[in-house]
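To start, the structure under review is shown below, and the notes come after it.
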Amino acid sequence: MPQIGGYTLHTIECGRFRLDGGAMFGIIPQVLWARKIPPDNRNRIPMCMRSLLLEGSSRIVIIDVGAGDKYDARFRNIYALEENTLLSSLAKAGFSADDVTDVILTHLHFDHAGGTTYLRSGQIEPVFRNAVYHLQLDHLKEARKPNIREQASFFSDNFEPLIATGQLKTYQGGGEIFPGVELLIMNGHTTAQQLVKISGKEGAVVFCADLLPTIHHLRGPWVMAFDVRPLVTVKEKEGFLRQALAEGWQLFFEHDPEAVVASLHETERGIVAHTPRPLHDLL
């Protein structure tokens, strides 16, 4: 496994699902995006829910936790939700839920934060009972009183139990929260989404969350219809990619069904990704 800044990095697979391809690519015509990720007969494209685990500095940190398994048959059918593999993937990497000391939630949409809690003996309880959950305060406020565009993506069962147990820690703005672990704040997809940058003498890798949900979202106008501020996303992507290219960051993709990690280079057509590769080939 690769190491950066004193942390060993592990890919944690949380399961697969499908989202409408048109919604995932916004104004981009289907004839273009379907060449990249072909849709099924319901116009849905395959999506991964992929977490990143950091082992080091006396911590076990996981970034995002997938959708979880608290959904009824109708909901599962709409999104083609497959088996929740979060805990089995953790076990495969040599960890249990009780080992996790920290959970960084990029934002509270169900496909990123549903795995925070589970139904146990009729009660909703935190999955990671020994962990501190890290989230932006402005985003929590948005999730508790959601706008009409996002209300179908926020579920109180995914975050209110964390508040009740005193496990949720909130921040106002970015910066380093652990040695070598920095939060980068973005406001295009949703209010106060936090990307996570892990850096050390070996280089840096950034967990891109929904700023760049797949490797095909690098181009400026390839923006999700889900984004509450799409023009802000375009500007955020431009600045982020310029800095990533200049400083040699590696990008970790949460939703791409195939690409896990990629670096960047510039061509006549703009900034593009090198051939994607698995996490163990990170550096």
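The values are calculated or read from the model by the stated rules, or taken from the named source; none is laboratory data. Quantities reported herein were computed from a predicted structural model and do not represent experimental measurements. We place every Cβ from the backbone using ideal geometry, glycine too, and count neighbours over all the protein chains shown. What goes into the accessible areas is simple: the full protein's heavy atoms, side chains included, and nothing from ligands, DNA or RNA. Shrake-Rupley method; radii C 1.70, N 1.55, O 1.52, S 1.80 Å.
Candidates Glu82, Glu125: the one that is open to solvent by 10 Å² or more (accessible area, probe 1.4 Å), over 21 Å from Gly173 (Cβ atoms) and part of a strand (DSSP E or B) is Glu125. Put simply, of Lys235, Lys197 the only residue that is surrounded by fewer than 17 Cβ atoms within 10 Å (Cβ to Cβ), of a type outside the set (Gly, Ala, Ser) and touching a residue at least 24 places away in the same chain (Cβ under 8 Å) is Lys235.
In this entry, Arg229 is excluded by the filter for residues that are open to solvent by 20 Å² or more (accessible area, probe 1.4 Å) and within 22 Å of Pro46 (Cα to Cα). Let me confirm something: among Arg16, Arg76, which residue is under 23 Å from Leu105 (Cα atoms), open to solvent by 30 Å² or more (accessible area, probe 1.4 Å), charged (D, E, K, R) and without any contact (Cβ under 8 Å) to a residue 12 or more places away in the chain? Within the list Arg16, Arg76, the selection yields Arg76. The requirement of being closer than 27 Å to Ile60 by Cβ, in contact with a Phe, Trp or Tyr (Cβ under 7 Å, 6 or more places away or on another chain) and open to solvent by less than 20 Å² (accessible area, probe 1.4 Å) is satisfied by Ala259. Number of residues in region 171-185 that are open to solvent by 20 Å² or more (accessible area, probe 1.4 Å) and closer than 29 Å to His217 by Cα equals 10. Every condition in (1) surrounded by fewer than 17 Cβ atoms within 10 Å (Cβ to Cβ); (2) assigned to a helix (DSSP H, G or I); (3) acidic (Asp, Glu) holds for Glu142 except the one numbered (1). Check whether at least one residue in region 97-105 is surrounded by fewer than 21 Cβ atoms within 10 Å (Cβ to Cβ), touching a His at 6+ places or on another chain (Cβ under 8 Å) and in a helix (DSSP H, G or I), and report yes or no. Within region 97-105 (the criterion being surrounded by fewer than 21 Cβ atoms within 10 Å (Cβ to Cβ), touching a His at 6+ places or on another chain (Cβ under 8 Å) and in a helix (DSSP H, G or I)), the answer is no, since none of the residues qualifies. Mind checking whether some residue in region 253-262 is of a type outside the set (S, T, N, Q), at pLDDT 95 or above, within 27 Å of Ala152 (Cα to Cα) and in a strand (DSSP E or B)? No, region 253-262 contains no residue that is of a type outside the set (S, T, N, Q), at pLDDT 95 or above, within 27 Å of Ala152 (Cα to Cα) and in a strand (DSSP E or B).
For region 108-129, a residue qualifies if it is more than 14 Å from Ala164 (Cα to Cα) and more than 21 Å from the chain's Cα centre (by Cα), and the qualifying residues are Leu119, Arg120, Ser121, Gly122. Taken as a whole, the structure leaves Pro46 outside the set of residues that are within 15 Å of Glu258 (Cβ to Cβ), more than 18 Å from the chain's Cα centre (by Cα) and either in contact (Cβ under 8 Å) with a residue 12 or more places away in the chain or not in a strand (DSSP E or B) (or both).
Report whether or not Gln243 is of a type in the set (S, T, N, Q) and surrounded by fewer than 22 Cβ atoms within 10 Å (Cβ to Cβ). Answer is yes for this residue. When region 49-79 is limited to residues that are part of a loop (DSSP other than H, G, I, E, B) and more than 27 Å from Val206 (Cβ to Cβ), the one that is farthest from the chain's Cα centre (by Cα) turns out to be Asp72. Among the residues of region 188-243, those that are among the small types (Gly, Ala, Ser) and within 15 Å of the chain's Cα centre (by Cα) comprise Gly188, Ala192, Ala209. Of the residues making up region 23-36, those that are touching a helix residue (DSSP H, G or I) at 6+ places or on another chain (Cβ under 9 Å) and surrounded by fewer than 19 Cβ atoms within 10 Å (Cβ to Cβ) number 6. Based on this model, can you work out whether Thr8 counts as open to solvent by less than 60 Å² (accessible area, probe 1.4 Å), among the hydroxyl-bearing types (Ser, Thr, Tyr) and within 27 Å of Phe154 (Cβ to Cβ)? Criteria not met by Thr8.
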